[in-house]
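The values are calculated or read from the model by the stated rules, or taken from the named source; none is laboratory data. Every value quoted in this text rests on a predicted model; they were computed, and no experiment measured them. Cβ: placed from backbone, ideal geometry, glycine included. Neighbour counts: every protein chain shown. With ligands, DNA and RNA removed, areas are computed over all heavy atoms of the protein, side chains included. Shrake-Rupley method; radii C 1.70, N 1.55, O 1.52, S 1.80 Å.
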Amino acid sequence: MKKELKVFAALVAVFLVAYFLPLGNEKVSSAILEAFRLLQWYAIHHTLACVVPAMFIAGAISTFLSQASVMRYLGPRSNRLMAYSVASVAGVVLAVCSCSVLPMFAGIYRLGAGLGPASAFLYSGPAINVMAIFLSARVLGLDLGAARAIGAVVFALAIGLAMAFIFRGSEKKRADAAMQMPEPPHSQRALWKTSLFFLSMILFLVFSDWFNTNDVTIIMNDGTAIKANIRYSTRDAIDIQSYQSDGHLGPEVRRLDRARIARIEREPGFVMTVHAVKWYLAGGMGLAVLVMVWRWFGRDEIRQWMRATWDFALMIVPLLFGGVFITGFVGGLIPETYVAGLVGGNSIVSNVVASLVGMVWYFATLTEIPIVEMLSRLGMGRGPALALLLAGPALSLPSILVIYKVVGFRKTFMFCLLAVAMSTLVGWLFGMLVS
């Protein structure tokens with residue numbers, strides 16, 4: 001009955017929006033177009049490279065990892081030091097956005113991982129990103145980069161421990177129920193084979209979702225050269241921020257028609273050198289996975305893996321697409337110049353607004369840096385900038401919808417509340433310190 005009520009409420013909400021949406025309003029129609037632009041950008045640049053590999057990893061976790069192993073190392077009664085240490089360094093290894101870490105979070109949580117370690121993993125996956133922290137220091141200042149690095153690690157541990165403490169009663173019941181489950185049959189494969197299989201899949205995800213700094217030189221058809229950072233790109237246009245004479249990004253976001261562009265030259269460097277060959281590296285890892293599946297896995301196991309992957313896709317992908325679309329629509333209605341006016345100075349209110357914006361908006365890996373730089377040039381304070389950097393990468397409207405689907409309303413609300421409250425407090429204290 002409860003599920004039917006939720007479906008009914010969703011249908012009513014869609015009906016009311018469709019019925020009352022003022023399509024004749026130019027701002028609303030423009031926001032709808034922006035929503036589809038963001039959705040196309042997400043489909044082109046993140047679905048196949050990020051979400052799909054993560055689905056296969058999540059399906060493999062639920063199929064090939066034993067529940068006993070997950071309970072031993074990440075369960076509610078596991079060694080806390082080991083569990084939280086493993087969960088909190090996930091971002092260094094994975095370096096993915098908030099949407100890509102969701103299927104793996106769902107996989108380990110459903111297999112028996114404790115809420116605390118799973119929450120630490122959920123935050124650390126996208127937040128403790130070495131390249132993003134390094135670029136934050138280079139572009140936004142050493143103080144912000146260092147504060148972001150320290151804050152991300154501390155937040156992963158603090159949020160995980162807080163979630164485990166707050167929901168210790170329900171977690172104990174969940175652990176007791178898991179202990180009553182019959183012992184799963186032992187795997188026919190050696191541990192090193194299973195480990196190598198998962199390592200290859202994770203490396204495929206790392207390479208396919210490899211960083212793109214998006215710093216480019218755009219050569220127009222008339223020969224004009226523009227040094228810029230690409231914010232978003234679709235099949236017919238790209239949105240850019242141009243670099244000014246002082247070497248910093250300008251505050252204005254411009255849209256260029258691809259028909260007017262002769263070519264785009266990527267800025268050289270190690271990151272972009274790897275990015276140029278990322279599909280060869282990912283392809284090598286994918287081929288290794290296929291060989292291992294062919295040699296080490298039975299047909300029934302593969303069918304179970306594909307079924308689990310499909311189940312995760314049915315649960316997560318519609319929520320991700322819907323969340324990205326809504327984010328694009330709201331972003332089209334609320335210009336960034338308006339947001340910048342709300343996050344000036346270092347008041348509690350400006351830090352709360354920055355944290356909430358970070359919580360709701362979708363930031364792909366590294367895109368938060370040029371956005372924060374632009375907002376800073378429009379008047380954003382240093383404290384709110386840190387608050388947005390701490391809350392933004394780990395959360396987004398699409399990820400919140402998926403987390404709710406996995407753990408329910410109360411735990412999702414508390415996870416978001418902890419992220420926003422801690423980001424607000426740390427941002428406010430940092431703003432006071434640097435002022």
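Tell me the net charge near GLY269. Cut-off is 15 Å between Cβ atoms, GLY269 excluded, with +1 for each Lys or Arg and -1 for each Asp or Glu.
Numbers: positive: ARG138, LYS227, ARG266, LYS278; negative: ASP215, GLU265, GLU267.
With Lys, Arg at +1 and Asp, Glu at -1, the net is +1.
Residue separation times 0.36 nm, minus the C-alpha to C-alpha distance between ARG254 and LYS173: what's the value?
On the way: separation 81, 0.36 × 81 = 29.16 nm, distance 5.39 nm.
That works out to 23.8 nm of additional length.
Please give the solvent-accessible surface of SER124 in Å², to the nearest 10, using a probe radius of 1.4 Å with every protein chain present.
Surface open to solvent at SER124 totals about 0 Å².
Does anyone have the angle between helix 299-333 and the longest principal axis of the chain? Alpha-carbon axes, 0 to 90°, nearest 10?
Helix 299-333 sits at roughly 30 degrees to that axis.
Show me, for segment 408-420, the HN-Hα J-couplings you get by feeding each phi into the Karplus relation (A = 6.51, B = -1.76, C = 1.60, θ = phi - 60°), rounded to Hz, glycine and proline as x.
x, 5, 4, 6, 5, 4, 5, 4, 5, 4, 4, 4, 5
At what distance in angstrom do the alpha carbon centres of segment 316-334 and segment 19-53 lie from each other?
Here the answer is 7 Å between Cα centres.
When the chain is modelled as a GNM with alpha-carbon springs shorter than 10 Å, which of ILE400, ILE226, ILE57 fluctuates the most?
Among ILE400, ILE226, ILE57, the largest GNM mean-square fluctuation belongs to ILE226.
At ASP300 and LEU196, where each label point lies 7 Å from the Cα along Cα→Cβ, what is the point-to-point distance in nanometres?
Distance between the two pseudo-spin positions: 2.5 nm.
Given H placed 1.01 Å from N in the peptide plane, which residues other than close sequence neighbours of GLY344 have an amide H under 5 Å from its amide H?
When sequence neighbours closer than 5 places are left aside, the close amide H contacts are GLY381.
For ARG231, enumerate residues with amide H under 5 Å from its amide H, sequence gap 5+ or separate chain, H modeled in the peptide plane.
ASP239, ILE240, GLN241
Which of the listed residues, SER119, VAL357, TRP296, is farthest toward the dipole's positive end in the chain, when Lys, Arg count +1 and Asp, Glu count -1 at the beta-carbon?
TRP296
What percentage of the solvent-accessible surface of the chain, computed with a 1.4 Å probe over protein heavy atoms, is contributed by carbon and sulfur atoms?
Numbers: 14260 of 21010 Å².
After summing per-atom areas, the C and S share lands at 68 percent.
Beyond 36 Å, how much of the Cα-Cα pair distribution for the chain remains, as a whole percent? Don't skip to the end; give the middle numbers.
Numbers: 26410 of 94395 pairs.
It works out to 28 percent of all Cα pairs.
Hey, what number do you get for the chain at 222 nm if only DSSP H runs of n ≥ 4 count, each worth -39500 (n - 2.57), divided across all residues, to the nearest 500? Could you put the intermediate results ahead of the total?
On the way: 21 runs with 301 residues, N = 435.
Computed mean residue ellipticity for the chain: -22500 deg cm²/dmol.
For the chain, report the accessible area per residue in Å² (1.4 Å probe, heavy atoms, rounded to an integer). Please report the intermediate quantities before stating the final value.
On the way: 21010 Å² over 435 residues.
Accessible surface, normalised per residue, equals 48 Å².
Net charge around ARG295, counting only other residues with Cβ within less than 11 Å of its Cβ (Lys, Arg = +1; Asp, Glu = -1)?
Details: positive: ARG189, LYS193; negative: none.
So the environment of ARG295 carries a net charge of +2.
What relative contact order, as a whole-number percentage, does the chain give when Cα pairs under 8 Å and 6 or more residues apart are counted?
Details: 691 pairs, mean separation 87.7, N = 435.
Normalised by residue count, the contact order of the chain is 20 percent.
Note down the nm distance, to one decimal, between modelled labels 7 Å out along Cα→Cβ at THR224 and at LEU16.
According to this spin-label approximation, the distance is 4.6 nm.
What is the distance in Å between the Cα centres of segment 106-140 and segment 186-220?
Using only Cα atoms to place each centre, the spacing works out to 16 Å.
Skipping prolines and chain starts, which residues have an amide H placed within reach, meaning under 5 Å, of the one on ILE128, given they are 5 or more residues away or on another chain?
Long-range HN contacts for ILE128: GLY91.
How big is the gap, in Å, between the Cα center of segment 265-279 and the Cα center of segment 384-422?
Segment 265-279 and segment 384-422 have Cα centres separated by 32 Å.
Measure nothing but the geometry: give the 0 to 90° angle between the long axis through the Cα atoms of 382-391 and the longest principal axis through the Cα atoms of the chain, rounded to 10°.
Taking the Cα atoms of the chain, the angle to 382-391 is about 30 degrees.
State the extension gain, in nm to one decimal, for the chain segment bounded by ILE44 and ARG307, taking 0.36 nm per residue of separation less the distance between their alpha-carbons. Before the final figure, lay out the partial values.
Numbers: separation 263, 0.36 × 263 = 94.68 nm, distance 2.50 nm.
Between ILE44 and ARG307, full extension yields an extra 92.2 nm.
Just to confirm a number: summing +1 for Lys and Arg and -1 for Asp and Glu over residues other than VAL357 whose beta-carbon lies under 13 angstrom from that of VAL357, what do you get? Don't skip to the answer; put the middle values down first.
Values: positive: none; negative: GLU336, GLU368.
Charge balance near VAL357 sits at -2.
Starting from segment 206-287, pick out the trypsin sites (Lys or Arg not before Pro) whose DSSP state is loop and whose Cβ has at most 14 other Cβ atoms within 10 Å.
Values: sites: LYS227, ARG231, ARG235, ARG254, ARG255, ARG258, ARG260, ARG263, ARG266, LYS278; in loops: ARG235.
For trypsin sites (Lys or Arg not before Pro) across segment 206-287 that sit outside H, G, I, E and B with at most 14 neighbouring Cβ atoms in 10 Å, the list reads ARG235.
Please work out how much length the chain gains when fully extended from ASP246 to VAL154, using 0.36 nm per residue of separation minus the C-alpha to C-alpha distance, in nm with one decimal.
On the way: separation 92, 0.36 × 92 = 33.12 nm, distance 3.45 nm.
Here the segment from ASP246 to VAL154 would lengthen by 29.7 nm.
I need the phi-derived Karplus couplings for segment 199-209: 6.51 cos²θ - 1.76 cosθ + 1.60, θ = phi - 60°, integer Hz, Gly and Pro marked x.
4, 5, 5, 5, 5, 4, 5, 4, 6, 5, 9
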